[in-house]
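Input: a single structure, listed below in structure tokens.
The values are calculated or read from the model by the stated rules, or taken from the named source; none is laboratory data. In this text the structure is predicted, and so the values were computed from the model without any measurement. Quick reminder, even Gly has a Cβ in these numbers, built from the backbone with ideal geometry, and neighbours come from all protein chains shown.
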């Protein structure tokens with residue numbers, strides 16, 4: 001980690017936080033195994049009849065799929081580089097009255113970490129933090145040649161929120177996230193604004209989208225998509241081909257984003273949220289970090305990313321879900337949105 005990104009003496013933990021793993025609950029484990037291993041090209045380990053894990057690198061676990069009815073992401077795991085930063089984060093959460101629980105030894109082992117602590121997050125997504133992951137020398141058996149993790153972390157998480165400023169404040173309070181940029185987009189006549197937050201050199205580890213002027217959420221799942229980064233363009237395009245050939249649903253064709261310049265495609269996971277497989281996004285290293293200013297981009301993509309196979313029924317389902325969401329307040333954690341301790 002560069003000196004500019006290292007936690008500062010003013011108490012910031014920016015640069016010491018990295019997306020470590022994603023935990024999912026699903027009753028579609030056979031489909032998940034086929035999707036992850038045969039379509040995307042990840043290494044798969046079947047732990048038992050109710051647990052599947054995916055590896056991308058030397059870490060024992062990057063995706064944990066456990067049997068359960070949620071069909072959704074249930075927890076986000078964040079690696080913290082050092083104990084000083086770890087203690088700072090726990091103190092911020094505890095001092096504001098948010099309960100913290102230590103995960104069991106079995107939970108830690110399944111996630112490929114030595115120990116973990118858990119506290120509440122926006123939209124009911126548990127936030128799990130840890131300092132030490134467990135690695136393995138076992139060779140990776142996967143169709144892809146590799147994935148980009150390291151200092152940039154696993155990838156990013158994108159969510160739709162009816163309370164976007166509250167969610168942004170949450171991650172600023174807990175992880176000292178920084179605003180990278182905005183995107184304004186029109187989707188089917190509706191104005192959407194997306195905020196991109198970084199916690200290290202990755203252009204963004206968190207993306208927050210909302211419909212401007214409407215407190216509606218058209219998605220059933222807490223997460224809109226998870227992103228992972230291919231090591232090569234050939235790997236990304238090969239995964240696109242396998243997803244299509246194996247009959248998994250493609251949501252958005254290959255295209256390039258306006259802000260982080262990443263080439264990518266989006267497909268639908270067996271649980272219904274999307275997976276973005278990308279290549280070569282902008283990296284905000286120490287030189288760029290020192291002068292970076294947020295910019296607003298018009299439109300999500302400079303080219304491509306056209307919708308694939310979207311039907312009138314899909315639109316109707318989203319509209320019905322949006323109406324349902326309006327009747328139930330979105331889960332927030334007000335203690336962690338920047339107010340006084």
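Could you tell me whether the stretch 231-243 includes any residue that is crowded, with 21+ Cβ neighbours inside 10 Å, at pLDDT 95 or above and under 21 Å from residue 167 (Cβ atoms)?
No, there is no match, as no residue in the stretch 231-243 is crowded, with 21+ Cβ neighbours inside 10 Å, at pLDDT 95 or above and under 21 Å from residue 167 (Cβ atoms).
Name, by its number, the condition in (1) touching a residue at least 40 places away in the same chain (Cβ under 8 Å); (2) under 17 Å from the mean Cα position of the chain (by Cα); (3) assigned to a helix (DSSP H, G or I); (4) not assigned by TED's automatic domain parsing to the domain that holds residue 113 that does not hold for residue 180.
(3)
Kindly evaluate residue 247 against the criterion of being assigned to a loop (DSSP other than H, G, I, E, B), out of contact with any strand residue (DSSP E or B) (no Cβ under 9 Å at 6 or more places or on another chain) and free of Cβ contacts under 8 Å to residues at least 12 places away in the same chain. It would help to see each step written out before you state the result.
Numbers: assigned to a loop (DSSP other than H, G, I, E, B): yes; out of contact with any strand residue (DSSP E or B) (no Cβ under 9 Å at 6 or more places or on another chain): yes; free of Cβ contacts under 8 Å to residues at least 12 places away in the same chain: yes.
For residue 247, the condition - assigned to a loop (DSSP other than H, G, I, E, B), out of contact with any strand residue (DSSP E or B) (no Cβ under 9 Å at 6 or more places or on another chain) and free of Cβ contacts under 8 Å to residues at least 12 places away in the same chain - is met.
Is one or more of the residues making up the stretch 161-173 surrounded by 19 or more Cβ atoms within 10 Å (Cβ to Cβ) and on the phi > 0 side of the Ramachandran plot?
No, that holds for no residue.
With the structure loaded, tell me whether residue 182 is farther than 29 Å from residue 46 by Cβ and crowded, with 20+ Cβ neighbours inside 10 Å or whether it fails that test.
Working: farther than 29 Å from residue 46 by Cβ: yes; crowded, with 20+ Cβ neighbours inside 10 Å: no.
In short, no.
For residue 212, state whether it is closer than 29 Å to residue 326 by Cα, in contact with a strand residue (DSSP E or B) (Cβ under 6 Å, 6 or more places away or on another chain) and at pLDDT 95 or above.
Considered against the rule, which asks whether it is closer than 29 Å to residue 326 by Cα, in contact with a strand residue (DSSP E or B) (Cβ under 6 Å, 6 or more places away or on another chain) and at pLDDT 95 or above, residue 212 comes out as no.
Of 210, 200, which residue is farther than 24 Å from residue 42 by Cα and assigned to a loop (DSSP other than H, G, I, E, B)?
The match here is 200.
Based on what the data block shows, is residue 115 modelled with pLDDT of 95 or more, surrounded by 18 or more Cβ atoms within 10 Å (Cβ to Cβ) and either within 22 Å of the chain's Cα centre (by Cα) or on the phi > 0 side of the Ramachandran plot (or both)?
no
For the stretch 48-61, which positions are out of contact with any strand residue (DSSP E or B) (no Cβ under 9 Å at 6 or more places or on another chain) and either crowded, with 17+ Cβ neighbours inside 10 Å or within 23 Å of residue 249 (Cβ to Cβ) (or both)?
Taking the stretch 48-61 as the starting set, the residues that turn out to be out of contact with any strand residue (DSSP E or B) (no Cβ under 9 Å at 6 or more places or on another chain) are 48.
Hits for the stretch 48-61: nothing passes.
Of the residues 38, 45, which single one is modelled with pLDDT of 95 or more and in contact with a strand residue (DSSP E or B) (Cβ under 6 Å, 6 or more places away or on another chain)?
45
From the list 307, 334, pick out the single residue that is surrounded by fewer than 14 Cβ atoms within 10 Å (Cβ to Cβ) and at pLDDT below 95.
Of 307, 334, the one residue that is surrounded by fewer than 14 Cβ atoms within 10 Å (Cβ to Cβ) and at pLDDT below 95 is 307.
Looking only at the stretch 96-106, which residues are surrounded by fewer than 18 Cβ atoms within 10 Å (Cβ to Cβ) and either under 22 Å from the mean Cα position of the chain (by Cα) or assigned to a strand (DSSP E or B) (or both)?
100, 101, 102 - these are the residues of the stretch 96-106 that are surrounded by fewer than 18 Cβ atoms within 10 Å (Cβ to Cβ) and either under 22 Å from the mean Cα position of the chain (by Cα) or assigned to a strand (DSSP E or B) (or both).
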